[in-house]
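Here is the structure we will look at.
Quick note: the coordinates plus some simple rules give every number you see, no bench work behind them. In this text the structure is predicted, and so the values were computed from the model without any measurement. Cβ placement follows ideal geometry from the backbone for every residue including glycine, while neighbour counts extend to all protein chains displayed.
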Amino acid sequence: MKVVKEIEALKNVKRPVVTIGSFDGVHMAHKKIIQKVNNLAEDYNGQSVVVTFDPHPRQVIYPKVNDLELLTTLEEKIRILDQLGVDILLVIPFTVDFSRMAPEEYVDKFIIQGLHPKAIVLGYDHRFGLNREGDIHLLRQFEQKGKYKLVEIPKQEIDESTVSSSQVRRALKVGDISRANELLGRDYSLQGTVIRGMQVGRTIGFPTANLEVQDPGKLVPAHGIYAVEVEVEGQEHRGMLYIGRRPTLDDKNKTVIELHIFDFHGDLYGKKVTVFFKKFIRHDKKFDNIEALKSAIENDRIQVQSYFDACARNRHLPNYKTAVVILNYNGLEYLKQFLSGVKKHLGTHHEIVVADNASTDASLTYLKESHPDVRVIEMGVNHGFAGGYNQALASVDADFYVLLNSDIEVKNDWVSPIVRQMVADESIACAQPEVMSWHEPKKLEYAGAAGGWIDVFGYPFCRGRILETTEEDEGKYKTEEVFWATGAAMIIRSRLFHESGGFDEWFFAHQEEIDLCWRLKRAGYKVMAYPEHAIFHIGGGTLSYSSPRKTFLNFRNSLAMLLKNEPKRHVWWKFVVRLLLDGLAGGYFLSKGEWNQIIAIVKAHFSLYKRLPKLFIQRRVNHQRLERLRMGPSRASIGRYGGSIVYAYYLKGIRKFYQLPIGNPPKETDNSSLPLADTHLATK
């Protein structure tokens, strides 16, 4: 790529295809624009030209407003654009005089006479000139005079990218490195020079290099500990990075950036290094003394080393081990109907396991006679869905578990492509395919549909299924992060399943998967839905959807899940509202004369109240587990509807997910480190 800083350098460029912008971050949406420019330049047998500005226009127009934090320095921007295959980068020195250019003069003198483009590629909302009064319509008026073709990127295409520099900044400021890197399409980086610091690290066994960021306007991520890769004089190393004010040392100085490189020997002082952020480990914290600090840093080192070890293992995709585990209870007919299809489509690459939950039918005999190649785990007691899987998975050695209901028809290998996505992105904890109805193959199925959501009060619903209403599959739902994945067809990392505590066995069946997903999202992991892959579910095979027993479990477990996972500052008022809503549900069943359902709700509440002390203990234990597992800041606001789904369904008549006014509710801070038991109720 040729980098020029004088517009006259473009005079001899033939058929330039141009795009103009700040391109701070050069994120995924920017990359789409640049790819379009490159493709168009190839069509015209011309050259792709990216025009950017230095310094950033906001730094010139609003010099007294010092709040702009850059995602990329000019040096970084040049490197990234070069990698994207741009032919020419024109860096325009942005001045006050340039900013005062009238829009018509900007188009005539700067674009037509200066750039003489064959084509211009811009977004529908591109603005330019004095007071940003110029727009895409003005460029169209000059199209004939300038003899250029204006290619407008429509609003829909830009909005669908759901990527902006502001989003990247927000993610970095809360330490959500996984999200920031996803939006950027690469690892976020800092460049700096090693300077002398207090040298405290040497005294506690962790020598660090203090970094002075090369560009003071560059955004520094949230305070905390990170796993990083480091480039020093062309050599790559691994290490961990600290950003913060050293609260344990009562250091009143400005924020420091300290780098500890693993297995590095040599003098770094005065050298330039580039740090690539890989994973967030934990937020900064004040410790009681130096020994406690040293212990915490040692734990950080272990977590960072484990992360890099896992990355090394996952580079070779064929080496992952996946086990498809079917929990069976008196499901002989389903095994006869569907197990052969599971083996046909999944058995080549994945171990098939049937965990029998103390069936009283001929399931075990059938498996031994007809499927001797399938591993069978026999359990002498029916532990329910939650306990059954906990017991069975304890003896299954695999990197990924596929939890699959026995009443599911598999028509292709949907597991392998999803697992590959999970191997490539370690922040994905679990995932599901699209769940279609076996009885009505064009309709989504109740148990999972196109991915699970919950509302502000913890009521679950799905993309494609709100309460009792399911939609036809019209291709509306795309791959997306959701709140929960269905237990009927869930792929989950085995390590996260066990280290998070697995399913809550008290739940027995129903919503235990939502509780588990909620915990994992609180630890910063993603839950994904992949509607391009589908399975077909009979549904209600073990327990009818209208059964009073199911009503009992759903009401009880949903409330328990809320108490265990909701941040402390929200949980009590939401719990009170839930009591009122459950009372309204009882009134609804009363109006229909369904006394069994009313009794089920009453029993659910009494069962919950008896369990409260243990729930508060679980809440505290879960928090400790999640801190050890933490991938990044909580993602529990993603996949959560900010209103009441009950209100939307019954009073507003909303029956389809895409009719909901889905927005991003305020991000909730996970305050579960202050257990309910410590502030409201005493446990004994």
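Annotated for the stretch 168-314: lysine pairs at least 8 residues apart or interchain, Cα distance under 19 Å, count 15. Of all aspartates and glutamates in the structure, the ones whose alpha carbon falls short of 14 Å from that of K149, not counting any fewer than 8 places away in one chain, are D43. Distances between placed amide hydrogens fall under 5 Å for H126 paired with I136, all partners being 5 or more residues away or on another chain. Put simply, the amide H of A534, placed in the peptide plane, has neighbours under 5 Å in E434, leaving out anything fewer than 5 places away on its chain. Under 5 Å from the amide H of V410 lie the amide H atoms of V342, each residue being 5 or more positions distant or on a separate chain, with H modelled from the backbone and absent for Pro and chain starts.
Sorted on the mean count of surrounding Cβ atoms within 10 Å across their residues, most packed first, peptides 587-594, 575-582, 234-241, 548-555 read 548-555, 234-241, 575-582, 587-594.
How big, on average over all directions, is the shadow cast by the Cα convex hull of the stretch 370-453, in nm²?
On the way: hull surface 31.3 nm².
In nm², the orientation-averaged hull projection of the stretch 370-453 is 7.8.
Think of the chain as having a plus end and a minus end, set by charges on the Cβ of Lys, Arg, Asp and Glu; of L467, N565, I302, N565 sits farthest toward the positive end of this dipole. Partner lysines whose Cα lies under 27 Å from the Cα of K476, excluding those fewer than 8 positions away in the same chain, are identified as K31, K32, K36, K155, K411, K442, K443, K521, K526, K652, K656, K667. Scoring 512-519, 44-51, 406-413 by mean Cβ neighbours within 10 Å over their residues and listing the highest first yields 512-519, 44-51, 406-413. Counting every pair of alpha carbons in the stretch 1-157, the share spaced more than 28 Å apart comes to 14 percent.
Helical runs assigned H by DSSP (4 residues or longer) give the chain a calculated mean residue ellipticity at 222 nm of -11000 deg cm²/dmol, each run adding -39500 (n - 2.57) before division by the residue total.
Couplings for the stretch 436-443, taken from phi via the Karplus curve 6.51 cos²θ - 1.76 cosθ + 1.60 with θ = phi - 60°, read 9, 7, 5, 6, 10, x, 8, 9 Hz in order; Gly and Pro are left as x. With Cα atoms as the point set, the chain shows a radius of gyration and Dmax of 28.6, 86 Å. Projected label points at K294 and V60, each 7 Å from Cα along the beta carbon direction, are separated by 5.4 nanometres.
What dipole magnitude, in Debye to the nearest 20, does the chain give about its Cα centre under +1 on Lys/Arg Cβ and -1 on Asp/Glu Cβ?
Numbers: 91 positive and 83 negative charges, 274 e Å.
Once rounded to the nearest 20, the dipole reads 1320 debye.
Helix 568-591 against the longest principal axis of the chain: what's the angle in degrees, Cα atoms only, rounded to the nearest 10? Helix 568-591 and the main axis of the chain meet at about 50 degrees. Each part reduced to its alpha carbon centroid, the stretch 323-374 and the stretch 89-117 end up 69 Å apart. The residue among V256, P613, S395 whose Cα reaches farthest toward the positive pole of the charge dipole of the chain, with charges on the beta-carbon of Lys, Arg, Asp and Glu, is P613. Taking the Cα centre of the chain as the origin and placing charges on Cβ (Lys, Arg +1; Asp, Glu -1), which of I638, V275, A585 is farthest toward the positive end of the dipole? Result: A585.
Cross-link partners for K603 among the lysines, with Cα-Cα distance under 27 Å and sequence neighbours closer than 8 places in the same chain left out: K550, K564, K568, K574, K592, K614, K684. Descending by average beta-carbon neighbour count within 10 Å, the peptides 454-465, 363-374, 276-287 line up as 454-465, 276-287, 363-374, the highest first.
Considering Cα pairs under 8 angstrom that are at least six residues apart, work out the relative contact order of the chain and quote it in whole percent. Can you show the working numbers first?
On the way: 1264 pairs, mean separation 63.8, N = 684.
This gives 9 percent for the chain.
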